[in-house]
Structures are given as C-alpha cells and as structure tokens.
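Nothing in this text is a laboratory measurement; each read-out follows from the coordinates by a stated rule. These numbers were taken from a predicted model, which means no experiment stands behind them. FYI the Cβ positions are ideal-geometry reconstructions off the backbone, even for glycines, and counts take in every protein chain you see.
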Amino acid sequence: MAPPRSALTLTLLLATGCATADLRPDSGAFEVHAEVQGKAWLLKASQAQGGAQLMQHQTVSFWLQDVWPSWFYRAVAMPWPQNEQPMRLDVRVGTDDARLTFLGGPKDKEAWGIQQWVTYRAGVNGKLDFDEVHDPDEDIKFWLPTTLYFPFLAWRIQEADVVRLMSPETIGGKSYQRVFVSWGKAEPQDEVDQYIIYIDSETHLVRWARYTVRDFADFAVGLMRYEDYRQVGDLKLPFSMRVVSDYDSPDTGLHRFIIERVELDADLPADHLVPRPELSAGK
C-alpha cells in the first residue's frame, strides 16, 4: 500500500526543467533478479534499525523540532506556529494514528491529531474538536502522516509492491546500494510516486531517499538525507532528517527535522491515539 500521495509534497527541492521525472534507470529496464535483490536490501535496511523488534512496541514518542531556514518557505509552507517549534509526536506503531502536541510558543499544549484518517484538534483543557469524517483538516491530514513517515521509512517503504535493485553508486568514497520503489508499476504515473532508497553497503542503514512528488508537479524531485543514527532500546533511529540539494550539501534546503528524544511505549492514556474508535475514513 502506498503512503499518502501528498506525504512528501512540501519536503522537496524542485528539479530543473519541466519533463516528467522518472527515477528508473535511463534504459527503463532492470536486471533479471532485481526484485528479489531489492527486497533483500530493503529488509537488510530495516533489520539494521531493529527489524521486527519495532512491532513489539505499541507506541513511539518523539520530541522534535522542525527547522525552516528560509523566511520565504516559512511564509508560504511552514505549518507550525513558529520556526523551530518544539513538539511531541506520539505514534501508534504500524499505523498513521498520531497526536502532535505543541510545546511552548503561541499554541503551547494544544495538539493536532489523526485517528483512522479522521482529523481533530485538542485544546489546552483536553477538549477534542473532531472534523467531519469526510471533510478533514488538510494541514493535519498532510503533516502528521508526513512527519511520522520519515523516521520509520526503513519499515514503511517495504509496503511497496514494486521493488527493484539498481546498480550501486559510490558517493564520497563509500558504496551505496540503490533500491527503486513504487506502487502498481515502475513507469511514471500521475498520482503515484517513485523512490530510490540509498542503503550503506556496510552498515545497511538508509542514507538518502530520492523521491518524486506528483501531487506538486510531475517534474518535482526531493532528496532527504538521514543522519545521526542513535540506539533507542532495541531500535536504531535517525535523529536528523534533512532536505538537501545534493548528497553531501552542508546546507538544509526546505527544512530539517531534528529529534531530541525518543521514548518507546510511553505511559499514555488508553484512548490517547484513538479517542473515538467508532470514527474512520479513507485516505
């Protein structure tokens, strides 16, 4: 199953030119055993971060900031009350159910939530304000699944049904295995994105993810760099995820997620992430 089609729309750097982006090899063809080998490398990537141990946990909680260096992008795209907004993101493992609480700033202790694709807000007093099932808050529906998808990429990308190993690439003197990923078919599609996942040949950790953003423009391509992996219990997670213009660019492009702390199976109220289980909607 593909992630939300808009899930990476705003985390992009636009490619030059206006031709439809196609992340497949120039020939459009893959080697005979590319599917088996590609799936094997995606599995290695998730195993390097803890693999099946993730599903032994009910929830994961992140304390993070989202840094937007450019005043222009802050003005036109940043959804948060302020730049470098401290936040707590509680996630139900294996789902897109999440609640994001603002810590400090003009919306201190207020929260955004999504449960079974129904969006809501939580006030300082804990009162919940749900949107109509078929009329979600678009900012919440976009940003919560987007934000939680990034740190779990090594696991979530395995939901794809089109997986092909590409030729390896040497960057900065290190070898990276490249795995092409999409849904339905490999060829460019109007509403389905393509990805290339760059996996360190030695550590098996994801280093970069290149992706199209069809919802924004058919020529749009982004590059996310994964940095600062740390051990959190039985998992290894990236504590920095940065949109960059090139592999080793020292500068942040659109924005950068900085994780400050992670807690597994935090002590949360039973209904914290699914406060109204009778409500559900489609993606």
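For this structure, a couple of remarks:
- Label zone at residue 247, where the point sits 7 Å out along the Cα-to-Cβ direction: region 167-200 residues whose backbone N lies under 17 Å: 167-180, 196-200
- Over all directions, the projected convex hull of the C-alpha atoms in the chain averages 15.0 nm² in area.
- Full extension of the segment from residue 218 to residue 82, taken as 0.36 nm per residue of separation minus the current Cα-Cα distance, would add 45.9 nm.
- Note on region 34-264: Lys pairs 8 or more places apart or on different chains, Cα atoms under 21 Å apart, count 10.
- Most tightly packed first, judged by the mean number of other beta-carbon atoms within 10 Å of their residues, the peptides 117-125, 268-276 read 117-125, 268-276.
- Computed from label points 7 Å out along Cα-Cβ, the spacing between residue 161 and residue 52 is 2.5 nm.
- Charge sum, other residues only, whose C-beta stays under 14 Å from residue 251's C-beta, Lys/Arg counted +1 and Asp/Glu -1: 0
- Fluctuation leader among 46, 249, 27 - the chain, Gaussian network, Cα springs under 10 angstrom: 27
- Förster-model FRET efficiency, 22 Å R0, residue 110 and residue 278, C-beta, rounded to 0.05: 0.35
- Once the Cβ-Cβ distance of residue 75 and residue 231 is raised to the sixth power relative to R0 = 51 Å, the FRET efficiency obtained is 0.85.
- Region 174-193-region 205-283 distance, computed between alpha-carbon centres (Å): 18
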